[in-house]
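Remarks on the structure that follows.
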Amino acid sequence: MASPVVSLKDITKTYHNGDIAVEVLHGISLDIEAGEFVAIIGQSGSGKSTLMNILGCLDQPTSGDYLLDGEHVSGFTADALAALRRRTFGFVFQNYNLIPTASAQENVEVPAVYAGLSLRDRQERAETLLTSLKLGDRLDHRPNQLSGGQQQRVSIARALMNGGRIILADEPTGALDSQSGEDVMALLRKMNEDGHTIIVITHSREIAEQADRLIELRDGRIISDRTKKGRSNPEAAGVLARQMGEGAAALADVSEAVKMAVRALRANLFRTILTLLGIVIGVGSVVAMLAIGTGAQNSVLDRISSMGSNLLIVRPNMANFRGGEGGSIVSLVPADADAILEVPNVAFAVPEMTSTVTVRYGNIDYQTTVNGTVPQFTEAKSWKVGAGEFINPRDMSTYAPVAVLGQTVAKKLFADGESPLGKYVLVSKIPFQIIGVMSEMGAGPGGNDQDDTVLIPLTTGSNRLFGQRNVRTITVQVEDGSAIDATQTAIQGLLDQRHKREDTQIVNMASIREAVTETSNTLKLFLAAVAAISLLVGGIGVMNIMLVSVSERTREIGVRMATGARQRDILLQFLIEALVVSAVGGAIGVVAGLGTGVLAKALGAPISFTLGPVVLAFACSFLTGLVFGYLPARNASRLQPAVALSSE
């Protein structure tokens, strides 16, 4: 004779409540043959639901042996038990236990999802089952749109989805009216005739009498076991179960998990939006602040670069002057620039002297800075003449009273459309002819207006305006930027030798650029850290919503486990829910951050968008969902099926 499909030997089950141990089942032994229609009857507290959980591998006995198809299942892992439930059992519950956010067809498809059946195949099978149960016109209805009898039929279709070789029905008619109850029992009878092994758990004697075998429990013990008729032919259901059991035994694909996640999040839309808000603010802040920081950095670096590349600025350094023979002060003079030109790697050496003066044209007075310089000024400063011409060597040798105006001065002295070229202006009451107007340069590194100046020959300024021969600065341009440090050292040594003291200092524009870059990078890091705090708060919000979701959907988790979901399937589902929230929030946050940057740019702020901060912010939001969603997902995956199903 073939071995029984189910065999229990001295099964006990003890529950612990603190130090108190309560034994619910006391040495249950029974065999159930394939194709039987069995009713297990007992009053509340008799242990029948506990026995059903053990039979369906939703719970494990404290002691005793449970053999399914002759195989011991007591040592199976949680995932092995899930696979066993998936290919062997179908569950019909008193309260239906349908997923409220899913349609009838989607509820029926759940077992096949975890069996790895393709979307098309499981949709076709679910539709066929529901149609055979007279629910073909209710495929897209949700549970709250169905009557109790219809919901139970959906539950039966779900039990049959993977074949349901053994159908465990827990009080299948308990929540139904008498007619619906009769219909359900008729369906169970028809399933038994088709070869399914049916085990009904009930407290109703009337329902139990419709089975072929009646097992009565009282206080955790079998008090009677009587058979009224033989079993049906089990082969049809067995073949079906084997065919369905050849699936991948895993979540069909990630897209299915995403679909479940979106459906669950949509069910609590307002709460999801509030959680999204935290992620949006965090990601938007990171994108906007880094764009502002990068823009400010680039703006400053552009101003430094606008002064010319590979520059050394030589200035007097009276802080290091301690006097010398005769007590005379030797500072920078034009001859120093001529000497610097002899240093290797020097392209230009441009001396400058400046003073604040009042410039008059007609009846307009304007206070500005006059700069005495040399013809190489435009090349050293990379500053082009916008109109006219610049100072030439002849102007230098003849002490010519000529001037070149910056754009700001030209606009202040001359009305729109009036050309300054050839006109005379009074510079400290001395007439100078305007020979050119510089192109617009903009603000310098310190924020000063570089266009607010009048440029005149150095010789003319020294003799007629400044009354001195010392220059304020010498701007040196080197030919090879890689040797700028060595050139700086050589120039400093030359000047110390010429002046017999250390009364000059040299500013390396490359060093300034590096310092500005380092400072602005630190500022950007600080701004990003401040914005990241918002992202952290958003992550805590994700954890909160997921913890609440696990608590609210404990029974759904139990249903999924009963239909064959493994621990990693549940972990994946809830992780993906957290990732969906973070990804959607991250995408909206990126758009919001870019929009904020565009608005700031329209208001005049220096903004620079780069791909790095956008990718970083989105990746951080995704990582936030992963990190903060893991704990709730892990908690969900470790729930015991029987405990989850019994939650309220």
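The values are calculated or read from the model by the stated rules, or taken from the named source; none is laboratory data. Please read all numbers here as calculations on a predicted model, not as lab measurements. Here the Cβ positions follow ideal geometry from the backbone for every residue, glycine too, while neighbour counts run over all protein chains shown.
Below, the figures for the structure above:
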read-out: Qualifying positions in region 608-643 - hydroxyl-bearing (Ser, Thr, Tyr), buried (at least 18 other Cβ atoms within 10 Å of the Cβ) and modelled with pLDDT of 80 or more; value: Ser637
read-out: The listed residue being in the same structural domain as Asp121 (by TED's automatic domain parsing) and in a loop (DSSP other than H, G, I, E, B), out of Gly163, Gly181; value: Gly163
read-out: Scan of region 148-173 for residues that are of a type in the set (Ser, Thr, Tyr) and out of contact with any Asp or Glu (no Cβ under 9 Å at 6 or more places or on another chain), ordered by number; value: Ser155
read-out: Residue match in region 470-489 (condition: assigned to a helix (DSSP H, G or I), within 25 Å of Val374 (Cα to Cα), modelled with pLDDT of 85 or more and not β-branched (Val, Ile, Thr)); value: no
read-out: So Ser224, is it modelled with pLDDT under 80 and small (Gly, Ala, Ser); value: no
read-out: Residue, modelled with the lowest pLDDT, within region 491-524, restricted to residues that are over 24 Å from Gly612 (Cβ atoms), hydrophobic (A, V, I, L, M, F, W, C) and surrounded by 16 or more Cβ atoms within 10 Å (Cβ to Cβ); value: Ile512
read-out: Flag for Glu109 being modelled with pLDDT of 90 or more, of a type in the set (D, E, K, R) and buried (at least 19 other Cβ atoms within 10 Å of the Cβ); value: yes
read-out: Residue count for region 141-160, restricted to those that are under 10 Å from Asn107 (Cα atoms) and part of a loop (DSSP other than H, G, I, E, B); value: 1
read-out: Elements of type helices (runs of 4 or more DSSP H) contained in region 368-450, each with 2 or more residues being free of Cβ contacts under 8 Å to residues at least 60 places away in the same chain; value: 393-397, 407-413
read-out: Unique match (being surrounded by fewer than 21 Cβ atoms within 10 Å (Cβ to Cβ), more than 46 Å from the chain's Cα centre (by Cα) and modelled with pLDDT under 90) among Ser178, Ser118; value: Ser178
read-out: Residue within region 291-312 that is assigned by TED's automatic domain parsing to the domain that holds Thr475, modelled with pLDDT under 65 and on the phi > 0 side of the Ramachandran plot present; value: no
read-out: So Gly75, is it over 34 Å from the mean Cα position of the chain (by Cα), within 30 Å of Val24 (Cα to Cα) and in a strand (DSSP E or B); value: no
read-out: Residue that is at pLDDT below 90, within 42 Å of the chain's Cα centre (by Cα) and among the basic types (Lys, Arg), where the choices are Arg142, Arg87, Arg138; value: Arg87
read-out: Filter result for the condition that a residue is touching a Phe, Trp or Tyr at 6+ places or on another chain (Cβ under 7 Å) and modelled with pLDDT of 75 or more, over Met561, Met543; value: Met543
read-out: Residue in region 190-202 that is farther than 20 Å from Ala34 by Cβ, in contact with a Ser or Thr (Cβ under 8 Å, 6 or more places away or on another chain), surrounded by 15 or more Cβ atoms within 10 Å (Cβ to Cβ) and at pLDDT 90 or above present; value: yes
read-out: Flag if Arg213 is more than 48 Å from the chain's Cα centre (by Cα), at pLDDT 90 or above and surrounded by fewer than 18 Cβ atoms within 10 Å (Cβ to Cβ); value: no
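Here's the yes/no breakdown for (1) closer than 14 Å to Asp219 by Cα; (2) assigned to a strand (DSSP E or B); (3) not assigned by TED's automatic domain parsing to the domain that holds Thr563:
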site	(1), (2), (3)
Asp31	no, yes, yes
Gly35	no, no, yes
Ile40	yes, yes, yes
Gln43	yes, no, yes
Asp59	no, no, yes
Asp65	no, yes, yes
